[in-house]
Amino acid sequence: MHNSSMLYCNYAVDGKEYTMSDDADAAASFMTGSRISFGSYTTINTTHDNSGVKFYAWPGDLGIWGAAIDSLVVNGKNYSYYYDGTHESEIGYYRYDANIGGYLEGWFSIYYKDENNNPHHVTGNFKVKRIA
């Protein structure tokens, strides 16, 4: 049975897989997406109890984007994405509802480095509730 209010984030960090879910109809839904104004960055947030992924991506709209990433959080830790000419982060949206209460659905492939300058790769797909 298909539940249209079911939210999810399926992601992998350096190949280790994680699955998270949420309900858009819940009073305290934590899987959210927002964009302040047209042409501004989009925030995707699937974090809960030191699990999940959060990032700001620019640009944000339907399609596939070689994206500038900011405020990256992976499993409760803050990181900075990196680009070195061969590792380009991408965000793809295949649903981007215009109205609050709608949904953002897509995928991501983000390269980042930890505090010891070791490279990592997080990939995944998501469906989140638009709150702004």
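Remarks
- The set of residues from the range 1-37 being of a type in the set (Phe, Trp, Tyr) and without any contact (Cβ under 8 Å) to a residue 24 or more places away in the chain comprises just one member, Phe30.
- Hits in the range 1-18 - residues which are exposed (fewer than 12 other Cβ atoms within 10 Å of the Cβ) and modelled with pLDDT of 90 or more: Asp14, Gly15, Lys16, Glu17
- The lone criterion from (1) hydroxyl-bearing (Ser, Thr, Tyr); (2) touching a Leu at 6+ places or on another chain (Cβ under 6 Å); (3) assigned to a loop (DSSP other than H, G, I, E, B) left unmet by Tyr79 is number (3).
- In the set Ile100, Ile91, only one residue is in contact (Cβ under 8 Å) with a residue 24 or more places away in the chain and either farther than 21 Å from Gly33 by Cα or assigned to a strand (DSSP E or B) (or both); that residue is Ile91.
- Residue within the range 80-89 that is under 14 Å from the mean Cα position of the chain (by Cα) and at pLDDT below 95 present: yes
- Residue match in the range 95-112 (condition: farther than 22 Å from Ser29 by Cβ and over 12 Å from the mean Cα position of the chain (by Cα)): yes
Okay, residues lined up against (1) surrounded by 21 or more Cβ atoms within 10 Å (Cβ to Cβ); (2) closer than 19 Å to Leu7 by Cα; (3) touching a Pro at 6+ places or on another chain (Cβ under 9 Å); (4) not small (Gly, Ala, Ser):
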{"position": "Met31", "(1), (2), (3), (4)": "yes, yes, no, yes"}
{"position": "Asn50", "(1), (2), (3), (4)": "no, yes, no, yes"}
{"position": "Asp70", "(1), (2), (3), (4)": "no, no, no, yes"}
{"position": "Tyr83", "(1), (2), (3), (4)": "no, no, no, yes"}
{"position": "Glu105", "(1), (2), (3), (4)": "no, yes, no, yes"}
{"position": "Ile110", "(1), (2), (3), (4)": "yes, no, no, yes"}
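- Residue check, Ser21 at pLDDT below 95, hydroxyl-bearing (Ser, Thr, Tyr) and on the phi < 0 side of the Ramachandran plot: no
- Within this structure, Thr47 fails the test of being polar (S, T, N, Q) and touching a Leu at 6+ places or on another chain (Cβ under 9 Å).
Conditions (1) surrounded by fewer than 16 Cβ atoms within 10 Å (Cβ to Cβ); (2) at pLDDT below 95, marked per residue:
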residue: Thr42; (1), (2): no, yes
residue: Trp65; (1), (2): no, yes
residue: Lys77; (1), (2): yes, no
residue: Asp97; (1), (2): yes, yes
residue: His120; (1), (2): yes, no
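The values are calculated or read from the model by the stated rules, or taken from the named source; none is laboratory data. As the structure is a prediction and not an experimental result, all values here were calculated from the model. Note: ideal-geometry Cβ built from the backbone for every residue, glycine included; neighbour counts use all protein chains shown.
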